[in-house]
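What follows draws every value from the coordinates through simple rules; no lab data is involved. As the structure is a computational prediction, the values presented were derived from the model and not from experiment. Neighbour counts are summed over all protein chains in view; Cβ atoms, including those assigned to glycine, are modelled from backbone coordinates with ideal geometry.
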Amino acid sequence: MTHPDRLPPTVYAASPEAGHGTRTARRRSARDRDEAPPVSELRDGRLDRAGVTLLLIRDDLVDPELPGNKRRKLKYNLVAAREQGFGTLLTFGGAYSNHLRAVAAAGRRHGFRTVGIVRGEEHLPLNPSLAYAVAQGMTLAYLDRDTYRRKHTDAVLAELKQVWGDCYVIPEGGSNALAVRGCAELPAEIDAEYDVLCCPVGTGGTLAGIAGGLTGDRRALGVAVLKGAGFLTDEVTELQRQAFGAPTDNWRIDLDHHFGGYAKRTPQLDAFVADFHRRHGLALDPIYTGKLLAALYDLADQGTFAPGTRLAAVITGSASFDAPHGGASTNCPTPAGALGPYTMAAVNAGLRAALAL
Ligand SMILES: Cc1ncc(COP(=O)(O)O)c(C=O)c1O
């Protein structure tokens, strides 16, 4: 397989020490260390009983504006957009899309104009998620659901480019080969020992990347957050083919912990998330990381992992960033006062609580 350290030189230039290589062999700069995710070990009797240990890889804490996989997925796309001379980023998402918000924030930070194509009709006033994107300077436009389904076809893209000019198009969810290469950098940044690196799976880009970045006998486990997501195996395989030249055989996807489907919740999931918050002080989002952790506990209970297995779970986003039901947040990166219940005081309190894990 082709590893991310064989990125085209222009793109590779932004990261001279891309994902691979052993941690000990890799000289890490101060900047690398600043950007590496904090790691904490979870002490929990339920895991002890199953004989497994669990590390939380707090990728959500590295860059609160672009938490977790958002920063990794966008990194090389922004480099490519800049190098190819684009001034505008155009992307797609639902009305509560984390990805739209992240692209808006990244565009503002790095000097790109941003256009967000939203699925469905405009609803005013904007929900907090879209209001945040607009506050970051994103221009929103809406596509009816039928056209939205065809958004990645040449015909629809050509129409969009007629309206918005020549822009760098980032797919819905941000998963493409460059995103996968960005995610592949995570394993080498983890300063701890583990056997299985676990993450939630929506479009598959994050799993494709972290599996591609693993070394030795380590394996990756993805937990699908969608119902009937068998197709994701093909998606991850294809993303790895595009990113690395060939898929790796060190990952699998659990399809049994979607709790009813994307953004669906059950009393059991809500109880797990609330209990986890009480015990460990970390508010998991019910869409991604809540399902990931609930799955790991359940799989551990079922004896899926051999005793002694060291699990590491990537916290791919923050609860507030993923709050699609307008729930109050604890660590939202939104400027004070901009979005009703989201305040900087809450941001700081939430971050302090999270860091004190
Ligand atoms: C917090 C969070 N975790 C996980 C995912 C799933 O990542 P992917 O779409 O790469 O599978 C997403 C969506 O991008 C997300 O917002």
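Can you tell me the dipole magnitude for segment 69-174 around its Cα centre, using point charges on the Cβ only (Lys, Arg +1; Asp, Glu -1), in Debye to the nearest 20?
My answer is approximately 600 debye.
The residues 199, 183, when put in order of fewest to most other Cβ atoms within 10 Å, stand as 199, 183.
Selection among 135, 117, 105 by position relative to the dipole of segment 69-174 gives 105 as farthest towards the positive end (Cβ unit charges, Cα centre).
The separation of segment 174-234 from segment 56-91, counted between C-alpha centres, amounts to 16 Å.
Taking 0.36 nm per residue of sequence separation and removing the Cα-Cα distance, the residue 110/residue 252 pair yields an extension gain of 47.6 nm.
Excluding same-chain neighbours fewer than eight residues apart, the lysines reachable from residue 264 by a Cα-Cα span under 29 Å are 70, 73, 151, 227, 291. Each peptide in 254-261, 312-319, 167-174, 141-148 gets a packing score, the mean of other Cβ atoms within 10 Å over its residues, and the list from highest to lowest is 312-319, 167-174, 254-261, 141-148. Counting beta carbons within 10 Å around each of 96, 132, 288 and listing the fewest first gives the order 96, 132, 288. In the frame of its principal axes, segment 69-174 has Cα extents of 34, 31, 22 Å, reported largest first. Ordered by the count of other Cβ atoms within 10 Å of each Cβ, fewest first, 299, 100 give 299, 100.
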